[in-house]
1. So which of A:11/B:191; A:122/A:329; A:22/A:236 end up more than 18 Å apart by C-alpha?
2. In a GNM of chain B with a 10 Å cut-off on Cα contacts, which of B:314, B:381, B:35 has the highest mean-square fluctuation?
3. As I understand it, the value is the acute angle between the Cα axis of helix A:72-84 and the longest principal axis of the Cα atoms of chain A; what does it come to in degrees, rounded to 10?
4. For the protein assembly as shown, count all C-alpha to C-alpha pairs, find those more than 47 Å apart, and express that count as a whole percent of the total.
5. For the protein assembly as shown, what is the accessible area per residue in Å², given a 1.4 Å probe and the full set of protein chains?
6. With respect to the symmetry axis carrying chain A onto chain B, which residue of chain A exhibits the smallest Cβ distance to that axis, and what is the value in whole Å?
7. Considering the dipole of chain A built from charges on the beta carbon (Lys and Arg +1, Asp and Glu -1) around the Cα centre, which of A:245, A:368, A:161 is farthest to its positive end?
8. What's the percent breakdown of Cα-Cα distances in the range B:69-151 across 5 Å bins, shortest bin first?
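The values are calculated or read from the model by the stated rules, or taken from the named source; none is laboratory data. What you see is a predicted model, and the numbers here were worked out from it, not measured in a lab. No Cβ is skipped: glycine too gets one built from the backbone with ideal geometry, and neighbour counts run over all protein chains shown. The area values use the complete protein model at the heavy-atom level, side chains included, leaving out ligands, DNA and RNA. Shrake-Rupley method; radii C 1.70, N 1.55, O 1.52, S 1.80 Å.
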There are 2 protein chains.
Amino acid sequence: MKFNFSERVPKNDDDAVGSILKAAVDPKVISLAGGLPSPDLFPVKELKKAADEVFDNDAKEALQYGQAAGYEKLREQIAKMTRERGVDCTVDNVAVTTGSEQSIDLVGKLLVNPGDTVLVEKPTYLCTLDVLRSYGAKLVGVDMDADGMRVDSLKQALKEHPDAKMLYTIPNFQNPTGHTMPNDRREALEKLLAAHNVVVLEDDPYGKIRYTGKTQYPVKHFDHTGNVIYMSSFSKFLVPGVRLGWMVADPAFMKKLLPMKQSADLHSDNLSQYIVSRYLSENDVQPHVDQICALYKKRANTMMKELDAKLPKGVTHSVPEGGMFLWVKAPETVNTVDLFKECIKHHVAFVPGAPFYPNEVTQGTFRLNFSNVDSATIKKGVDRLCDALNEFMTAKQK
Amino acid sequence: MKFNFSERVPKNDDDAVGSILKAAVDPKVISLAGGLPSPDLFPVKELKKAADEVFDNDAKEALQYGQAAGYEKLREQIAKMTRERGVDCTVDNVAVTTGSEQSIDLVGKLLVNPGDTVLVEKPTYLCTLDVLRSYGAKLVGVDMDADGMRVDSLKQALKEHPDAKMLYTIPNFQNPTGHTMPNDRREALEKLLAAHNVVVLEDDPYGKIRYTGKTQYPVKHFDHTGNVIYMSSFSKFLVPGVRLGWMVADPAFMKKLLPMKQSADLHSDNLSQYIVSRYLSENDVQPHVDQICALYKKRANTMMKELDAKLPKGVTHSVPEGGMFLWVKAPETVNTVDLFKECIKHHVAFVPGAPFYPNEVTQGTFRLNFSNVDSATIKKGVDRLCDALNEFMTAKQK
């Protein structure tokens, strides 16, 4: 049987990222390529207790079919958390999803017609690019600096693409750059986009994982027209295996979202929703988050210290205030896919910058992860990386 | 903000089925409308034990990100179950999904371009119709009889629609009719479709829930070209709350499926996959399935006995050999949406036939569920229904 796939399916079978992650799995290789939270801090004991109580008290409800919008009690807890971040919302604004990836997919399906223009940070989360492409989006990259998306570049993009329908942004500790937008920039950005009737998809998976600097408001805090769809998830501050995320949005959006969510998977795992809800009822999340922040801060600092000591001249790195990633910029003459192959010989891996770019790639860039590698291994990994980079750049000059 | 939704989103906000289910929630109403398995038989104790062991032994893996294809051990168990049904397959043919709804959605996304012809039984599972419509499918209904889809009608449909790309079928205890296709018809159907290069999506959620008659092979058993995508789920014979289903398909299909699954939700709930896998390792499923079958058989027989005694002349019902539903046919002059409103006054609910039809509706039809209502309540519900139907038909004649 030769399957005649739809136009949504990429013709190409190249899985650049897949083959990178595969190379990074070799036990001899120190992988700074992944994007996994540290399992050492999963609250296993507390989740087990919550699960036992769900089986003892709510088993028939938790194991039965549930509601497309999600378990009501969990939605209330999410609404409360979101209000605490400065977003005006109630349970009716909240839908539980099967992780952030599904939130992005549903928003793409609901809003993007083939040919619609979607603005994204340049670079940005590569899976979002894949999802938006699968719905036929025309992707337009907007420049960033150390404070995230630049307002002047956004203005220019809106001028060149007056039909832009949506903008996707990760304002906190962006993936892949680690950059964070300050409040005044968030406000300016939202004002501009609301005036242009552009929907904002605000992706905030790392928001709670801040280990230095001052917490900023979500872009949604500055939303007075309902154009911002805020999304987050339990993956980074609790556990990712349960695949639970959420969206907070205007009632007009929710009305169309829920039937689409129902068509996607009826509802998200009910048992896990009950377990997480009980966990949230019985535990103060903040001390747990503080532990994660302390660990990641230590690892980020180790990585930056080592990079500062060893990176060749002309190579810089971002300085994240939270999250899991930092971004390295070498001269544009450095092809980081070739560098990756060299690094594998040195038994260290990262993610080359190319797949994070919507269109034209800025050469010489790559992403490093520090959340799931202990400090001693980070040191060793960065040493190998800098050795390989030094050799690579020296060989280039010859 | 006025959202400019994509063309995939129905303009219409009417949610016929939603408002029916809402009316059925009134505690005074006996609902024969739902599609829920009986929670009385959920293996709560065994699942709790499995969950405890996962937390004690595999917590870091189960709570971490997993693989798009699913937890390998669970996929092996699914492959084994599928081989036992007479389908030649290995772990490489199996992908875990977030329930059957997601399997249908992914197949629609992968195969259906706007305008593509998809053949379906007439009537069929209404959520499948919604999903296929959201991808722009042109739906063509094929007639059924008590043995499921008719081969002569299928031949005619293939003649009229030589470009047909896919066929969707529920061969066992079909939703909504309860009809089952015998082996010879399955073989004839598959031979015909393979010859026409039509993909078959075989949806088998109820396959294990047979309480009379002889088990038939899946259509996939007769597949020699790889054109059949077989799908099933844990919802009906274990628990639906964990939202775990699966697909068994040709490697050429799997290759494109997995990136699309990854774009949909990265992977299905890992914790639940580990729990279900452990449950399957430690328990013999068959005695549990036998219990479900015994209970549903009793309920189906109660319903049929009561219908046979009380249905007005000219009204018939199907005789399912398994599953959760039966189908009632009144004269076509009976508008079952109007009848539904009458029945609500009599405090009983069903699902009118209309939403199960791809295009033209056969009037006078409706679906009854017997899996989640005890026998005494079924009796009372059918009495009320027959009273309402008698009054309705008598009033019509006047």
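1. In this structure, A:11/B:191; A:22/A:236 lie more than 18 Å apart at Cα.
2. Of B:314, B:381, B:35, the most mobile in the Gaussian network model is B:314.
3. Value to nearest ten degrees: 60.
4. Of all Cα-Cα distances in the protein assembly as shown, 23 percent exceed 47 Å.
5. On the way: 30440 Å² over 796 residues.
On a per-residue basis, the protein assembly as shown sits at 38 Å².
6. It is A:269, 2, counting Cβ atoms only.
7. In chain A, that residue is A:368.
8. 3, 13, 17, 15, 16, 18, 13, 3, 0
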